[in-house]
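**Student:** Before anything else, here's the structure in question.
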Amino acid sequence: MSIEVHHLTKTFGTFAALRDVSLTVLSGELVAILGPSGSGKTTLLRIIAGLERPDEGSGPILFHEKDMARRNVGDRQVGFVFQHYALFRHMSVFENVAFGLRVRARFSRPSKQQIRLKVQQLLSLVQMEGMAERYPGQLSGGQRQRVALARALAVEPKVLLLDEPFGALDAKVRQELRRWLRRLHDEISITSVFVTHDQDEALELADRVVVMNQGAVEQIGTPDELFHHPKTEFVMSFLGQVNRFHGRVEGGKVLFASITVSTPRLEGAPAGHARVFIRPHELDLDLQENGRPGLKAFVLRIYSAGPTVRLELAAESGETFLAELSQDRFQALKISAGSTIFVAPRDLRVFGSGNGR
Amino acid sequence: MRISLKQHSVLPGFGLTLGYTMVYLGAIVLIPLSALFFKTAALSWGEFWGIISEPRVLASYRLTFGASLLAAGINAVFGFIVAWTLVRYPFPGKRLVDAAVDLPFALPTAVSGIALTAIYAPNGWIGRWLEPLGIKAAFSPLGVTIALTFIGLPFVVRTLQPALEELEPEIEEAAATLGASRSQTFRRVILPAVLPALITGFGLAFARAVGEYGSVVFISGNMPMRTEIAPLLIITKLEQYDYAGATAIAVVLLAASFLLILLINLLEWWSSRHHRKGA
């Protein structure tokens with residue numbers, strides 16, 4: 001089932017949580033809403049679920065082209081997973097999962113055997129067989145979140161909404177659960193939307209990502225599009241690590257940190273003050289000047305524990321920035337803290353005062 | 001919470017604190033209570049039975065326990081509503097209302113008794129409206145129940161408040177997304193979660209009501225067989241220097257209260273069995 005929302009606005013008192021947000025989620029898609037805290041992402045999700053009402057004058061909320069804006073939460077057939085699980089603590093895992101079936105009106109309620117069977121199926125789907133008699137207090141965070149997911153799926157929702165589903169878990173469990181959720185989604189192919197502030201999570205898990213900032217949508221696209229073709233400065237700096245320099249655009253060239261670079265990637269930046277973005281892995285390092293426009297920099301610190309080596313560098317103009325290079329290249333260059341090297345940008349993006357937000 | 005003497009603890013002094021607990025409980029609670037039993041022992045079984053099976057005494061037990069249970073029950077319902085309102089909704093004057101809940105704690109019981117009597121008496125503010133309806137509030141078992149409800153309210157509200165605060169609003173939202181109606185959410189999710197606290201509050205309100213004397217004697221009218229509570233009978237016997245008779249009534253009151261409170265505690269323990277499993 002597809003989800004469409006049009007021109008949503010939501011204000012809490014004087015705070016504009018959402019400003020004219022429109023969004024389409026295709027049937028069977030897994031979409032991430034990504035943004036810093038306070039960007040309105042959770043509010044958007046809660047409005048889709050029906051837990052919050054949009055302001056008067058907002059457009060419709062369409063589930064498979066049917067307007068749901070006036071429907072109650074219970075009638076929307078959504079599964080909602082909360083950041084802090086919101087499990088019923090006085091109920092066993094089994095009772096928690098069965099809850100949505102037990103509260104149905106008598107004529108549509110499944111029989112005891114059917115409920116038992118259904119719950120067992122769901123528990124094996126979320127890999128929690130044998131835990132049915134446990135209570136939420138006896139489970140780890142990851143297990144609780146899986147129970148919460150099984151509980152949400154029990155009512156056979158048409159749409160699955162997850163609010164920071166891995167937010168309260170530690171890094172390792174997060175990664176495992178993330179991949180597991182992706183596989184689960186491919187298996188049951190239910191239209192899903194999840195909210196996160198973690199860019200890695202969004203880029204790794206989602207088919208498409210909606211980047212939000214200050215209550216508005218910055219850009220919608222596949223993880224690839226967003227990472228390689230960010231439309232705004234915010235998207236550029238929010239996704240992945242990036243170095244930012246202040247510079248000027250003059251005659252089709254950009255000047256920053258004592259170098260001048262001509263680049264086709266001026267993104268329409270007009271002449272004048274501009275901000276230059278370079279990702280750490282887009283910097284080439286060398287011990288000698290090699291003819292390309294490069295800047296001289298001092299090595300401040302080296303982080304070599306990892307698949308790549310990261311260097312913290314200081315330009316002559318005083319700006320500090322990060323560069324990333326392979327372990328092999330690092331060995332070949334024989335750099336140590338305090339060395340002087342030459343840095344040439346392979347790629348960069350320029351945002352002027354006109355198109356940057 | 002199994003603490004053995006051998007278990008190492010960051011805070012030492014288990015022996016000291018346990019010793020202190022025993023001495024303290026002994027001096028303040030157990031020794032005075034045992035004196036009650038010694039005094040009663042002066043009576044033979046026959047005399048003892050004769051005193052406690054007097055129709056007037058039996059009637060007072062019925063009133064004391066009946067009205068106390070009823071009052072605690074009323075408080076469980078309305079105290080829940082008060083606690084819920086105070087926890088869930090912001091409204092102007094909330095702190096004042098919150099403080100007003102404690103008034104029955106703070107007021108000397110005789111003062112509350114006189115105030116209640118003045119209001120519920122046939123010519124009082126509320127009593128005069130009840131009179132034409134054929135409802136006699138003051139000087140009737142109803143009046144006793146009103147007084148006991150008044151003094152028991154804070155116990156229910158104050159024990160429920162923390163339990164309700166602990167309940168995240170998300171679990172209600174979760175229930176709603178799963179298709180539960182409001183009443184289903186209340187019955188299946190909210191009530192079971194706060195039931196242990198509710199039972200504790202009920203137990204405390206009940207215990208307080210059984211022992212209440214000051215506020216009741218004014219509003220009840222103290223008519224033998226009708227509106228005489230057991231604590232009043234004890235005082236009456238004491239005034240007649242019938243110490244053994246007074247203690248006999250008291251022993252039964254004590255034993256019955258102890259059994260009922262034990263039962264309530266067991267119920268509370270049973271209803272909170274899931275909360276103790278893990279966090």
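Values in this text are rule-based calculations from the coordinates and carry no lab data. Owing to the predicted nature of the structure, the values given are computational and were not obtained by experimental measurement. So basically every Cβ, Gly included, is an ideal-geometry build from the backbone, and we count neighbours across all protein chains shown.
**Student:** May I ask you to list the chymotrypsin sites (Phe, Trp or Tyr not before Pro) in region B:107-205 that are in a DSSP loop and have at most 10 other Cβ atoms within 10 Å of their Cβ?
**Tutor:** When the chymotrypsin sites (Phe, Trp or Tyr not before Pro) of region B:107-205 are filtered for loop state and at most 10 Cβ neighbours within 10 Å, B:Trp125 remain.
**Student:** Can you pull the mean other chain C-beta count within 10 Å for peptide A:129-136?
**Tutor:** Mean shielding by partner chains, rounded to a whole number: 2.
**Student:** Under 5 Å between amide hydrogens, which residues at least 5 positions from A:Val159 or on another chain qualify, with H placed 1.01 Å from N in the peptide plane?
**Tutor:** Residues meeting the criterion, in which the H sits 1.01 Å from N, are A:Gly79.
**Student:** Find the all-direction average of the projected area of the Cα convex hull for the protein assembly as shown, expressing the result in square nanometres with one decimal place.
**Tutor:** Mean orientational projected area (the protein assembly as shown, Cα hull): 43.5 nm².
**Student:** Shifting gears a bit: First select every other residue whose beta carbon is under 13 angstrom from the beta carbon of A:Ala17; then total the charges, Lys and Arg +1, Asp and Glu -1.
**Tutor:** +2
**Student:** Counting only other chains, what is the mean number of Cβ atoms within 10 angstrom of the Cβ of each residue in peptide A:80-87?
**Tutor:** Mean shielding count: 4.
**Student:** Note down the relative contact order for chain A as a percent, whole number, built from C-alpha pairs under 8 angstrom at least six residues apart.
**Tutor:** 16
**Student:** For q = 0.16, 0.27 Å⁻¹, what log10 I(q)/I(0) does region B:154-232 give under the Debye formula with an equal point scatterer on each alpha carbon and no solvent?
**Tutor:** At q = 0.16, 0.27 Å⁻¹ the computed log10 ratios are -0.70, -1.16.
**Student:** Please list, ordered by chain and number, the residues whose modelled amide H lies under 5 Å from the amide H of A:Leu283; skip anything fewer than 5 residues away on the same chain.
**Tutor:** Those qualifying (amide H under 5 Å, at least 5 residues apart or on another chain) are A:Glu324, A:Arg346.
**Student:** I need the phi-derived Karplus couplings for region A:280-296: 6.51 cos²θ - 1.76 cosθ + 1.60, θ = phi - 60°, integer Hz, Gly and Pro marked x.
**Tutor:** Couplings: x, 7, 9, 9, 9, 10, 8, 7, 10, 5, 10, x, 7, x, x, 10, 7 Hz.
**Student:** Under 16 Å Cα-Cα from B:Lys237, which aspartates and glutamates qualify once same-chain neighbours fewer than 8 residues away are excluded?
**Tutor:** Within the straight-line limit of under 16 Å, B:Lys237 reaches these aspartates and glutamates: B:Glu47, B:Glu54, B:Glu228.
**Student:** Roughly how many Å is it from the Cα centre of region B:13-31 to that of region B:55-131, as a whole number?
**Tutor:** 35
**Student:** Check which residues have an amide H placed less than 5 Å from A:Thr222's amide H, if you skip close sequence neighbours.
**Tutor:** Amide H neighbours of A:Thr222: A:Val209.
**Student:** In degrees, nearest 10, range 0 to 90: what is the angle between the Cα axis of helix A:171-188 and the longest Cα principal axis of chain A?
**Tutor:** For helix A:171-188, the angle is close to 60 degrees.
**Student:** Beyond 22 Å between alpha-carbons counts as too far, so tell me which of A:Lys41/B:Lys94; A:Lys253/A:Lys296; A:Lys118/A:Lys158; B:Lys94/B:Lys136; A:Lys66/A:Lys112; A:Lys231/A:Lys296 fall in that bin.
**Tutor:** The pairs that break the limit, which is 22 Å between Cα atoms, are A:Lys41/B:Lys94; B:Lys94/B:Lys136; A:Lys66/A:Lys112; A:Lys231/A:Lys296.
**Student:** Over region B:136-279, what is the mean sequence separation of C-alpha contacts under 8 Å (at least six apart), divided by residue count, expressed as relative contact order in percent?
**Tutor:** It comes to 33 percent, rounded to a whole number.
**Student:** For region B:45-278, what is the convex hull (Cα atoms) projected area averaged across all directions, in square nanometres?
**Tutor:** Averaging across all directions leaves 16.3 nm² for the Cα convex hull.
**Student:** Could I ask something else about it? Between rounded, prolate and oblate, where does region B:18-100 land on the alpha carbon gyration tensor, with a ≥ b ≥ c its root eigenvalues, rounded for a/c under 1.5, else prolate if a/b exceeds b/c?
**Tutor:** Here region B:18-100 falls in the oblate category.
**Student:** Which one of A:Ala16, A:Thr263, A:His185 has its Cα pushed farthest toward the positive end of the charge dipole of chain A, where Lys and Arg give +1 and Asp and Glu give -1 at the Cβ?
**Tutor:** Farthest along the dipole direction, towards plus: A:His185.
**Student:** What do you get for the angle between helix A:93-102 and the principal long axis of chain A? Use alpha-carbon atoms, 0 to 90 degrees, nearest ten.
**Tutor:** 70
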